[in-house]
Amino acid sequence: MNMHRNSVLAGAAMMAAVLAVSACVTINIYFPAAAAEKAADHIIDEVWQLQQKDAPKKAEPATEKDPTK
Amino acid sequence: MTKTLRTLIHIMLAAFLLTGFAHAQGNLEINTPAIAQLKSAMQGRHAQLAPFYASGAVGLAHDGTVQLRDASLVPLPQRGAANNVIAAENADRAALYREIARANGNPSWEAEIRSTFATRWIDKAQPGWWVQNASSVWAKK
């Protein structure tokens with residue numbers, strides 16, 4: 001009797017576990033719109049070179065041309 | 001019975017923790033070799049495409065691709081090359097959207113990633129470039 005009750009409980013626990021895990025999966029497959037937008041911005045900025053943090057400085061004339069040459 | 005209940009509670013706790021962890025990850029994975037390669041190919045190609053964007057020959061379509069919208073704006077001898085560069089760009093863009101979805105373990109996200117990119121390409125386009133609205137109508141920015 002007690003064993004039977006235990007197996008019923010075990011079955012219920014198993015079902016709850018399956019439910020919990022599937023809930024996780026469901027949450028995970030929601031499309032992360034904000035993250036995708038951030039990723040897109042990052043890649044577009046690089047491809048179009050929109051935000052050059054270390055933009056190459058215009059080469060300054062380091063040495064004046066020697067007029068004698 | 002108490003043991004079963006305890007197990008149950010542990011499972012539920014683990015599930016909540018996992019969920020929280022997934023949500024804490026606010027970024028998509030975009031640092032893979034495949035994505036880096038596509039990005040640099042597209043960056044190199046941009047120098048060829050930029051004059052076409054500026055002249056209006058090529059525009060940014062609402063499906064995340066680039067399209068030849070007015071071939072007459074491309075000098076005849078350059079038209080073949082223009083078509084090639086457009087085709088190469090669109091192939092790389094499609095691969096990029098696919099790779100991002102794959103790198104994040106959800107190949108089914110590809111269409112949503114494509115539409116996110118489509119919006120952002122258009123938003124970031126320079127004034128004077130041609131962009132397409134949701135009804136496929138071209139307009140100059």
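The values are calculated or read from the model by the stated rules, or taken from the named source; none is laboratory data. For clarity, every value in this text was computed on a predicted model and none was experimentally measured. As a convention, Cβ positions derive from the backbone with ideal geometry for all residues, glycine included, and neighbour counts pool all protein chains shown. Surface accessibility is based on the protein's heavy atoms, side chains included, excluding ligands, DNA and RNA. Shrake-Rupley method; radii C 1.70, N 1.55, O 1.52, S 1.80 Å.
Values as computed for the structure displayed
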quantity: Solvent-accessible area buried by A and B, counting both chains, probe 1.4 angstrom, square angstrom; calculated: 2900 Å²
quantity: Average accessible surface area per residue within the stretch B:37-86, 1.4 Å rolling probe, Å²; calculated: 46 Å²
quantity: Within 10 Å of each Cβ in A:4-10, the average number of Cβ atoms from other chains; calculated: 2
quantity: Euclidean distance between Cα centres, the stretch B:64-108 to the stretch B:109-141, Å; calculated: 13 Å
quantity: Quarter of Cα convex hull surface for the stretch B:64-141, i.e. mean projection, nm²; calculated: 5.7 nm²
quantity: Computed label-point distance, nm, for sites residue B:68 and residue A:18 using a 7 Å Cα→Cβ extension; calculated: 5.6 nm
